[in-house]
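The numbers here are math on the coordinates, done by the rules we state, and not lab data. Just so it is clear, the model here is predicted, and its values are computed rather than measured. Glycine gets a Cβ as well: all are built from the backbone with ideal geometry, and neighbour counts include every protein chain shown.
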Amino acid sequence: MTANPLLDLLPRDLSAYRAGNTGIDYVHRFDSGRPGPHVLVNALTHGNEFCGMVAACDLLDRGVRPLRGVLTVSFANVAAYETFDPERPFASRQLVHNLNRVWSAGQLEGSEDSPELRRARELRPIVAAADHILDLHSTAQDVEPFWVYPARSANEQVALAIGEPSVHLVMPSGLGSGTPLIQHGRHGLADAGAGAALVAECGGHFRRATGELAVRVTQHFLAFYGLIDGAVAPDPKPAQRRFELLRTYVIRTPEYRFARTVRGFETFAAGELIATDGDEEIRAPEDCTILMPAREPVVGKEGVYIARAMQ
């Protein structure tokens, strides 16, 4: 298990934002009264990923209002966020379910219950109403920030135009371990007129720089759709690197182990051993790069994303 990280980004009291103005706790909507897209900026899908909180609070604290269209700002899993303990900083990710894997109709309309499922059911109309979604996340390991998005032209267009983060993880066939928020409803379809819906993984969970990047990405995203004035991309825009998700490996046993020390973005040659899971060997299907290696083995959770570089 990784030792506790340096904590230079910590939670703040969000109680002032609970009431919102939508009838749903911690959800704020601002309508310009002018034609334009409806953009959702979503924070705290995971309770210990504070960068989104920083960006959402920045919008609300500064009183940002859209020049056109509609802006919605939401804090998703505040219940988990409020359990944060600096002695166990990874434990407040979720209470029961991963809120970023429950967005299928089967789970949202099923009989199972948890704080995360109740919250997803509350937020469902908010997510469904948005034309474009920016879901702000961070990573357990302090690695280079990256986008995650389904392979749709609307997603590629905005991510490439913004250019920060400069790394892209493209999902040609979904995540493979549940349905994330950005693939709920129409956003989970192929190019059928749906707008963009992307995750921005802005860096290590508890770093101030991660929150700063989330603020910049949010400003660029809103500027791209004309909701605010400002630059769409940093200047100069960095060179872009894109990866295609080949496989999401889900852990089967508590004996899951990597073949060597990893933190993310390591490369493996075709056939090389990446990890073992009990008596199963996980080998590179081709020359590949891994992302999001598990910090510790938890049965039923993702162990690693295996991806190939795209031209």
Review point. Just in region 99-171: which GluC sites (Glu not before Pro) are loop by DSSP and have at most 16 other Cβ atoms within 10 Å?
Key: Glu109, Glu112
Exercise for review: Work through the residues other than Gly264 whose Cβ is under 12 Å from its Cβ and net out their charges, Lys, Arg +1 and Asp, Glu -1.
Suggested key: -2
Exercise for review: Place +1 on the Cβ of every Lys and Arg and -1 on the Cβ of every Asp and Glu in region 1-144, take the dipole about the Cα centre, and give the residue among Phe75, Ala140, Ser114 whose Cα lies farthest towards its positive end.
Suggested key: Phe75
Study note, to complete from the structure: For region 302-308, Karplus-derived ³J(HN,Hα) couplings (6.51, -1.76, 1.60; θ = phi - 60°; whole Hz; x for glycine and proline) come out as 5, x, 5, 9, 10, 9, 10
Review point. Using +1 on the beta carbon of Lys and Arg, -1 on that of Asp and Glu, and nothing else charged, what's the dipole of the chain about the Cα centre, debye to 20?
Key: 620
**Study point:** CD proxy at 222 nm, helix term only [per DSSP H run n ≥ 4: -39500 (n - 2.57); per residue of the chain; nearest 500]
**Key:** -6000 deg cm²/dmol
**Study point:** Gap separating the Cα centres of region 102-139 and region 55-69, nearest whole Å
**Key:** 23
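Treating only the Cβ atoms of Lys and Arg (+1) and Asp and Glu (-1) as charged, compute the dipole magnitude of region 143-259 about its Cα centre; round to the nearest 20 debye.
Dipole of region 143-259, to the nearest 20 debye: 300 debye.
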Exercise for review: Taking the Cα atoms of region 258-304, report the difference between the largest and smallest coordinate on each principal axis, in whole Å and largest first.
Suggested key: 26, 23, 16
Exercise for review: Calculate the radius of gyration of the Cα atoms of the chain to one decimal place, then report Dmax, the largest Cα-Cα distance, as a whole number, both in Å.
Suggested key: 18.7, 60
